[in-house]
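Let me begin by presenting the structure, written as structure tokens, before commenting on it.
The values are calculated or read from the model by the stated rules, or taken from the named source; none is laboratory data. Quantities reported herein were computed from a predicted structural model and do not represent experimental measurements. Cβ coordinates were reconstructed from backbone atoms using ideal geometry, including for glycine residues, and neighbour counts include every protein chain displayed. We work out accessible area using only protein heavy atoms, side chains counted, and drop any ligands, DNA or RNA first. Shrake-Rupley method; radii C 1.70, N 1.55, O 1.52, S 1.80 Å.
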Amino acid sequence: MDAIILAGGVGSRLLPLTMTTPKPLLKINNLPLIHHQINLLINHGVDNIVISVGYLGEKIIEYLSEHSYNCSITFAMENEPLGTGGGIKNCEKQIESRSFIVIYGDIYTNLNLNLLRKYHKQKKGIGSIVVHKSTHPKDSDIVKINDDDLVTEIYRPTKISENERYISKSSIYLLNKAVFKYMPYYKHSFEFDILPILIDKEKIYGYYTDELAYDIGTMKRYDYINNNK
């Protein structure tokens, strides 16, 4: 099975750490985040990993070239920022399997990917989004799903209600290759440009889990994960 790691972001919310170090190389438990991600993917049967690199991408390539992993690792270079959608599309030619996992380069997780694959196979949609209870809905991509787990909307709330239970996406997807036909080659957002199209034209499901899938994209959240792991 194949996987894409989106590792091209600047990480502006993590400055000054990311002035000289790309987000995926920030350390958790004394090892770069991308090392944890690669090992998780390998342990769940992924044998082909494509890494979309941009900002300080040469440092990611250098680090991974110095380490040996039991899988194929290739790179798709972003010559200019492509956004999350453009970054995924940039990897299209290197994806061989019918479906593939996408994980953003600032996500620390222990997700059981075998259960996600089983769920995706049962639902038979074009994609499955990993979702969980949101602890910070003000700056999260909130997902609405119906009783059959079908995703009906993704939005950023303008007003937070204390009585509402918010579910957010965790920036981990399992997608069929058919999604590529909806994606342009230029810069775009997968969340806000492509997912609305998939919701309208296809079936995309929300896979709910309480397993750890933690975005380390701010200093507060990065410090938290390092102090609690």
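Some values worked out for this structure:
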quantity	calculated
Residue, modelled with the lowest pLDDT, within the range 30-45, restricted to residues that are closer than 16 Å to Y63 by Cβ and not β-branched (V, I, T)	N30
Test: residue in the range 155-174 that is in contact with a Leu (Cβ under 8 Å, 6 or more places away or on another chain) and open to solvent by 80 Å² or more (accessible area, probe 1.4 Å)	no
N43, sole failed condition from (1) over 16 Å from the mean Cα position of the chain (by Cα); (2) without any contact (Cβ under 8 Å) to a residue 60 or more places away in the chain; (3) farther than 29 Å from D210 by Cβ	(3)
Boolean, I160 is closer than 21 Å to G9 by Cα and hydrophobic (A, V, I, L, M, F, W, C)	no
Subset of the range 2-21 [under 16 Å from the mean Cα position of the chain (by Cα) and at pLDDT 95 or above]	D2, A3, I4, I5, L6, A7
